[in-house]
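**Q** Quick one: the structure is below, and I'll ask about it shortly.
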Amino acid sequence: MPPLRTALLQSSGRPGAVAENLKVLDEAAARAATSAARLLVAPELFLTGYAIGDAVPELAEPADGPGAQAVAEIAVRHGLAVLYGYPERDCERIFNASQLIGPDGASLANYRKTHLFGCFEQEWFTPGEQTVVQADLDGLRIGLLICYDVEFPENVRAHALAGTDLLLVPTAQMHPFQFVAESVIPVRAFESQMYVAYVNRTGPEGEFEFVGLSCLAGPDGTVRTRAGRGEELVIGEVDPEFLAASRAANPYLNDRRPGLYGSLA
């Protein structure tokens, strides 16, 4: 299989302005497609903005709502898959969610954040209950987490055991926790033998200061591409052959002794 060219959109768009954020996404998809990317990943809650406070209930929508339909049109128009974050409404509950739309406009996977960070998220969102959500794209098994979720090694290891090749992590990583982007993400990729695409917001937004530093980390623990602190679109490759060779050479998953780990739960 050829490498999967993956574009990381580091942007906060315009908080509270869904139409403007869709325009930013469309423009990024056009640029990504020009570079032969087959996948575009946008940050956490990109559709609406993160620091939207009381507007969360108003802007939340179902997984098949108008935002999803607009993203599907973008995916089809540019011939690539798109992963975006949004507040998902399900009856009276609202989830911090991300959805992967395929190049044909079909929804491939929808994930609800399981570990909510801080007072803001815990006030407005219900935590999801499904740790491993996956889809297949161009012969690779794609897994989904959101931001704080990836900081729990159990989540990433669960994906490794379920066969995830590329883990997509839309995020809203803020100051002073930039060490997660710089150090934790490459370690997660190495210890669980997968690629990890970590895609952040950037700049000030409400009470938060997002640090950027989006990256694609490989199973050898090296960063294949890294954004700076501002608005940026960066592209890296997920190489199935390199992944297979790395897994064959690294004994972590084979040398596990699950019988010793019962106390962790």
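**Q** Of all residues in region 225-243, how many are buried (at least 22 other Cβ atoms within 10 Å of the Cβ) and farther than 16 Å from Leu140 by Cα?
**A** 1
**Q** Being open to solvent by 10 Å² or more (accessible area, probe 1.4 Å) and either hydroxyl-bearing (Ser, Thr, Tyr) or under 22 Å from Gln178 (Cβ atoms) (or both) is the filter here; which residues of region 117-145 pass it?
**A** Phe117, Gly118, Cys119, Phe120, Thr126, Thr131
**Q** Need a quick list: strands (runs of 3 or more DSSP E) entirely within region 1-116 having at least 3 residues that are touching a Gly at 6+ places or on another chain (Cβ under 8 Å) and surrounded by fewer than 16 Cβ atoms within 10 Å (Cβ to Cβ).
**A** none
**Q** I need a count of the residues in region 120-163 that are over 13 Å from the mean Cα position of the chain (by Cα), part of a loop (DSSP other than H, G, I, E, B) and within 22 Å of Phe46 (Cβ to Cβ).
**A** 5
**Q** Take region 178-204 and flag every residue that is within 20 Å of Phe120 (Cβ to Cβ) and open to solvent by 10 Å² or more (accessible area, probe 1.4 Å).
**A** Answer for region 178-204, where residues must be within 20 Å of Phe120 (Cβ to Cβ) and open to solvent by 10 Å² or more (accessible area, probe 1.4 Å): Gln178, Thr202, Gly203, Pro204.
Here's the yes/no breakdown for (1) outside any strand (DSSP E or B); (2) of a type in the set (Asp, Glu):
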| site | (1), (2) |
| --- | --- |
| Val169 | no, no |
| Glu191 | yes, yes |
| Gly203 | no, no |
| Pro219 | yes, no |
| Gly230 | yes, no |
| Glu237 | no, yes |
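**Q** Then there's this: Which one of the conditions (1) touching a residue at least 24 places away in the same chain (Cβ under 8 Å); (2) in a helix (DSSP H, G or I) does Ala245 fail to meet, given that it meets all the rest?
**A** With (1) touching a residue at least 24 places away in the same chain (Cβ under 8 Å); (2) in a helix (DSSP H, G or I) applied to Ala245, the lone miss is (1).
**Q** Among the listed residues Asp104, Asp54, Asp64, Asp90, which satisfies the condition of being touching a residue at least 40 places away in the same chain (Cβ under 8 Å) and charged (D, E, K, R)?
**A** Asp64
**Q** Within region 205-224, track down each residue that is crowded, with 16+ Cβ neighbours inside 10 Å and either polar (S, T, N, Q) or free of Cβ contacts under 8 Å to residues at least 12 places away in the same chain (or both).
**A** Ser214
**Q** Taking region 146-177, which residues are hydrophobic (A, V, I, L, M, F, W, C), touching a strand residue (DSSP E or B) at 6+ places or on another chain (Cβ under 8 Å) and surrounded by fewer than 19 Cβ atoms within 10 Å (Cβ to Cβ)?
**A** Hits for region 146-177 are Ala162, Phe177.
**Q** Would you confirm whether any residue within region 249-258 is open to solvent by 30 Å² or more (accessible area, probe 1.4 Å) and touching a helix residue (DSSP H, G or I) at 6+ places or on another chain (Cβ under 7 Å)?
**A** So far as region 249-258 goes, yes, one or more of its residues are open to solvent by 30 Å² or more (accessible area, probe 1.4 Å) and touching a helix residue (DSSP H, G or I) at 6+ places or on another chain (Cβ under 7 Å).
The values are calculated or read from the model by the stated rules, or taken from the named source; none is laboratory data. These numbers come from a predicted model, not from an experiment. All Cβ positions, glycine included, derive from the backbone under ideal geometry; neighbour counts span all protein chains shown. Protein only, heavy atoms only, side chains kept; ligands, DNA and RNA dropped before computing areas. Shrake-Rupley method; radii C 1.70, N 1.55, O 1.52, S 1.80 Å.
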